[in-house]
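Enquirer: Can you keep this structure in mind? I'll have questions shortly.
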Amino acid sequence: MMKNEHVLHVEDLYLYFVTKKGIVQAVDGVSFSLPRNSATVILGESGCGKSSLARAILRLLPRNVHTYTGKIALDGQNVMALDEDTFRDQIRWVRISMVPQAAMNALNPVLRVGDQVAEPAMVHLGVTKEEGWEMARRMFRYVGVPEGFLNRYPFELSGGMRQRVAIAMALVTSPSLIILDEPTSALDVLTQANIMNTLKRIKQETGTSYILITHDIATSSDLAEYVAVMYAGQIVEMNNAANFFSQPLHPYSQKLMASVPRLHGKQTLEFIPGRPPSLLSPPSGCRFASRCPLRFDKCDQDPPTFHLNGSIVKCWLYEHEGTLTTPASETIQPEE
Amino acid sequence: MTLTDPAPVTTHIAPGEPLLSVRDLRVWFELRRFGLGVAGYVRAVDDVSFDLYEGEAIAIVGESGCGKSSLMRTILGLNRPREGRIIFDGRDISRFTREELRWYRTRVGYVQQDPYGALPPFMTVRSILEEPLIVAGVKNRQARIERIRKAMQEVKMTPVDDFLGKFPHQLSGGQQQRIVIARAILLEPRLLVADEPVSMLDASVRVEILTLLRQLQQDHRLSVIYITHDLSTVRYFSERIFVMYAGKIVEKGPVDEILERPKHPYTWALLAATPEPDPRNAHMFREVPPGEPPSLITPPPGCRFHPRCAKIIQGVCEVKVPPEKEVTPNHLVQCWLYDPDVSPDPPDM
């Protein structure tokens with residue numbers, strides 16, 4: 001039963017924005033499922049729609065939304081059917097929370113960090129201030145911030161400590177899913193390794209699931225069990241980490257992997273010539289075709305999503321190997 | 001020498017002599033207390049020496065707050081050193097007059113970290129690139145345009161005319177960084193200082209920019225100081241690595257030596273924390289030294305890494321500052337583990 005298998009199931013999600021220049025198709029027909037207590041990385045370049053996808057899941061939408069449709073099921077419950085008040089009361093920060101991009105710089109400079117971590121619990125769980133502080137204290141222990149720091153202001157903490165505080169804010173309500181948007185991008189490598197260790201430990205101990213949004217492939221492997229690659233508003237590949245990091249399927253994924261600098265070995269780095277298409281008027285065929293080294297005639301048509309050994313890939317190269325039907329399990333099996 | 005002259009290629013240095021030579025450099029910042037004068041110093045750079053040769057690229061690697069930016073700003077002539085010398089092309093830049101500094105700044109290019117922040121938002125690409133030429137005294141308008149075109153072609157912003165009238169916000173991150181690089185090489189400098197030039201960019205664009213910088217460096221025999229906290233990119237862009245910790249260069253050596261046979265425990269920690277795309281990473285925890293880098297106002301005595309070091313030799317590391325030892329040719333390390341009198345059996349990573 002899906003309810004037990006998946007924490008999140010997204011189907012045909014669309015999110016378009018109205019701008020002066022036209023309609024931006026930021027999220028364009030995205031479908032995926034997340035197994036419970038797993039970590040899924042959404043990889044993509046800036047402007048590919050990955051942050052919009054996160055906002056669509058949390059329904060944190062700006063005013064210029066044009067289209068917002070699709071199905072989002074959390075623990076089997078269709079949350080798209082809920083009205084805004086119910087969604088805020090029952091879902092946002094209660095069952096799905098988020099560590100937004102550059103969260104460490106988004107803390108309120110004039111409030112003690114303890115108050116800021118206690119606040120989501122007071123607002124969403126209705127606890128008293130004392131209970132909220134007690135919960136914040138527990139969260140600080142979890143994420144590795146000394147308890148004495150509860151009384152400090154953000155400017156009294158280092159970048160890594162502030163990032164931990166932002167993670168504590170997302171954790172305090174014990175959500176079943178946490179969306180992490182570039183959680184380590186501004187941090188030093190030792191701090192980054194520390195935060196990644198903390199996230200892994202929290203996942204083991206609390207059974208929560210993660211969506212990690214990033215463009216940093218090497219760092220994402222520290223957490224990833226599944227990888228979804230986004231390009232121009234669409235998911236072009238979803239795979240388990242073992243397959244993805246050794247043999248990515250989509251030509252775009254392959255090119256991305258070839259652009260990752262390595263500490264050891266002598267391989268030359270490649271980059272992808274050209275730029276992603278505009279999301280105002282994406283091409284009608286495959287959106288990567290104009291930059292793809294393996295392009296052929298068929299690429300003028302929009303490729304469907306092919307299923308192949310439990311992976312999903314949106315590329316005509318897999319027309320004969322893959323199937324169009326959804327396999328019974330509907331999810332990617334982790335490698336044994 | 002007048003600034004209106006085209007950049008002279010003549011040099012004061014003999015073959016085999018370094019282009020830039022930093023000796024016993026200390027950059028300290030005063031901490032002032034109101035009415036009480038100087039209360040202490042932030043020792044951002046403390047006793048740093050190195051040579052940079054013509055056409056060579058070096059990488060300075062370290063965490064934020066280790067002093068790498070202060071070192072860079074001092075080399076650019078923006079900070080005055082407290083002690084020590086910086087010899088560029090046979091002349092000590094800390095004794096430069098205003099006029100000499102203006103000349104020096106035509107010889108040194110600077111590539112900033114955040115391209116969007118480094119480009120004035122209200123100026124077009126053309127006026128951004130024209131300004132350094134005007135400051136350097138290129139009076140002829142036509143000559144200025146020619147040099148702008150040439151620089152734009154070198155950074156592969158073609159067709160040039162499509163970009164000249166654009167404002168920074170109309171360019172992608174990669175294009176903005178190309179304009180920053182074009183501005184840095186416009187006056188045909190001999191030394192390029194690149195401060196985390198790719199950290200704000202996407203993975204694929206990162207490679208594009210690093211490739212471009214490497215090509216410019218080789219085409220013009222530029223000397224480059226590449227400042228980064230990301231060890232994984234240095235192999236592609238430099239010949240030597242300097243590892244900096246708490247104001248000191250703790251290890252320096254050729255790229256392959258440092259990456260394959262690192263000696264300093266801090267370098268080990270940096271390498272162990274640098275991820276490679278490997279699915280096994282998700283199933284293990286990384287070893288990270290405890291604590292955070294020390295305060296530069298009251299740095300720990302002895303070796304500055306000793307409070308976080310797993311290999312500490314009690315009674316030595318926390319007492320005496322380690323001397324620089326050459327472990328293999330050109331590979332120098334400041335660590336007591338490699339002093340035969342203190343540690344007869346040096347470890348490997």
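Enquirer: Which residues in the range B:116-147 place their backbone N less than 19 Å from a point set 7 Å from the Cα of residue B:64 along the Cα-to-Cβ direction?
Expert: So the set is B:116-118.
Enquirer: Then there's this: Rank the residues A:288, A:271 as a footprinting-exposure proxy: fewest other Cβ atoms within 10 Å of their Cβ go first.
Expert: Ascending Cβ contact count within 10 Å gives the list A:271, A:288.
Enquirer: Rank B:334, B:289, B:171 by how far each Cα sits towards the positive end of the charge dipole of chain B (+1 on Lys, Arg Cβ; -1 on Asp, Glu Cβ) and give me just the farthest.
Expert: About the Cα centre, the residue reaching furthest to the positive side is B:171.
Enquirer: Evaluate the distance, in nm, between pseudo-label points positioned 7 Å from the Cα of residue B:326 and of residue A:46 along their respective Cα→Cβ axes.
Expert: Those two pseudo-labels are separated by 4.5 nm.
Enquirer: So for the protein assembly as shown, taking the charge dipole from beta-carbon charges (+1 Lys/Arg, -1 Asp/Glu), which of A:264, B:204, A:208 sits furthest toward the positive end?
Expert: Value computed over the given set: B:204.
Enquirer: Can you check what the net charge comes to around residue B:277, using other residues whose Cβ is under 13 Å from the Cβ of residue B:277 (Lys, Arg +1; Asp, Glu -1)?
Expert: So the environment of residue B:277 carries a net charge of -2.
Enquirer: What is the sum of charges around residue B:49, taking Lys and Arg as +1, Asp and Glu as -1, for the other residues whose C-beta is under 9 Å from the C-beta of residue B:49?
Expert: The answer is -3.
Enquirer: Looking at chain A only, what percent of DSSP beta bridges run antiparallel? Nearest 5 please.
Expert: Given both bridge residues lie in chain A, the antiparallel proportion sits at roughly 65 percent.
Enquirer: Sticking with this one: Would you please classify the overall shape of chain B from the alpha carbon gyration tensor, given that a ≥ b ≥ c denote the square roots of the eigenvalues, rounded means a/c under 1.5, and beyond that prolate means a/b larger than b/c while oblate covers the rest?
Expert: The shape class here is prolate.
Enquirer: Add -39500 (n - 2.57) for each DSSP H run of 4 or more in chain B, then divide by its residues: what number comes out at 222 nm, to the nearest 500 deg cm²/dmol?
Expert: Helices in chain B give a 222 nm mean residue ellipticity of -8000 deg cm²/dmol.
Enquirer: Stretched out fully, how many nm does the piece from residue B:143 to residue B:160 gain, at 0.36 nm a residue minus the Cα gap?
Expert: 4.6 nm
Enquirer: May I pose another question? Looking only at the protein assembly as shown, where both bridge partners belong to it, what percent of the DSSP beta bridges are antiparallel (to the nearest 5)?
Expert: If we restrict to bridges inside the protein assembly as shown, about 65 percent are antiparallel.
Enquirer: Just want the answer: with Cβ charges of +1 for Lys and Arg and -1 for Asp and Glu, which residue in A:74, A:46, A:7 is farthest toward the dipole's positive end in the range A:1-133?
Expert: A:46
Enquirer: Sort B:123, A:122 so the one with the fewest other Cβ atoms within 10 Å of its own Cβ comes first.
Expert: B:123, A:122
Enquirer: Counting other beta carbons within 10 Å of each Cβ, put A:206, A:191, B:328 in order, fewest first.
Expert: Going from least to most buried by this count: B:328, A:206, A:191.
Enquirer: Separation between the residue B:30 and residue A:86 pseudo-spin-labels, each 7 Å from Cα along Cα→Cβ, expressed in nm?
Expert: 6.8 nm
Enquirer: With a ≥ b ≥ c the root eigenvalues of the C-alpha gyration tensor of the range B:189-287, is it rounded (a/c under 1.5), prolate (a/b larger than b/c) or oblate?
Expert: oblate
Enquirer: Note down the nm distance, to one decimal, between modelled labels 7 Å out along Cα→Cβ at residue A:69 and at residue A:141.
Expert: 5.0 nm
Enquirer: Sticking with this one: If we restrict to alpha carbons, what Rg and Dmax does the range A:190-336 come to, in Å?
Expert: 16.7, 50
Enquirer: Another question, then. What is the P(r) of the range A:49-194, as percent of Cα-Cα pairs per 5 Å bin from 0?
Expert: Over the range A:49-194, the share of Cα pairs per 5 Å bin runs 2, 10, 18, 20, 19, 14, 10, 6, 1, 0 percent.
Enquirer: Between the alpha-carbon centers of the range A:22-100 and the range B:111-142, tell me the distance in whole angstrom.
Expert: If you average the Cα positions of each part, the centres end up 42 Å apart.
Enquirer: Also: Mean residue ellipticity at 222 nm from the helices of chain A, using -39,500 (n - 2.57) per DSSP H segment of n ≥ 4 over the full residue count, to the nearest 500 deg cm²/dmol?
Expert: Taking each H run of at least 4 residues, the total per residue is -8500 deg cm²/dmol.
Enquirer: Starting from the coordinates of the alpha-carbon atoms of the range A:103-174, obtain the Kirkwood hydrodynamic radius over all distinct pairs and give the value in Å to one decimal.
Expert: Mean inverse Cα-Cα distance, inverted, gives 11.6 Å.
Enquirer: In a shell of Cβ-Cβ distance under 10 Å around residue A:273, excluding residue A:273 itself, what net charge do Lys and Arg (+1) and Asp and Glu (-1) give?
Expert: Surrounding charge for residue A:273 is +1.
Enquirer: Computed over the Cα atoms of the protein assembly as shown, what is the convex hull's projected area averaged over all directions, in nm²?
Expert: Quarter of the Cα hull surface area: 34.3 nm².
Enquirer: For the range A:103-174, calculate the relative contact order in percent as a whole number, restricting contacts to Cα pairs under 8 Å that are 6 or more residues apart.
Expert: Contact order relative to length: 46 percent.
Every read-out reported here was derived from the displayed coordinates using simple, explicitly stated rules and does not represent laboratory data. Since we're looking at a predicted model, the values are computed, not measured. Neighbour counts are summed over all protein chains in view; Cβ atoms, including those assigned to glycine, are modelled from backbone coordinates with ideal geometry.
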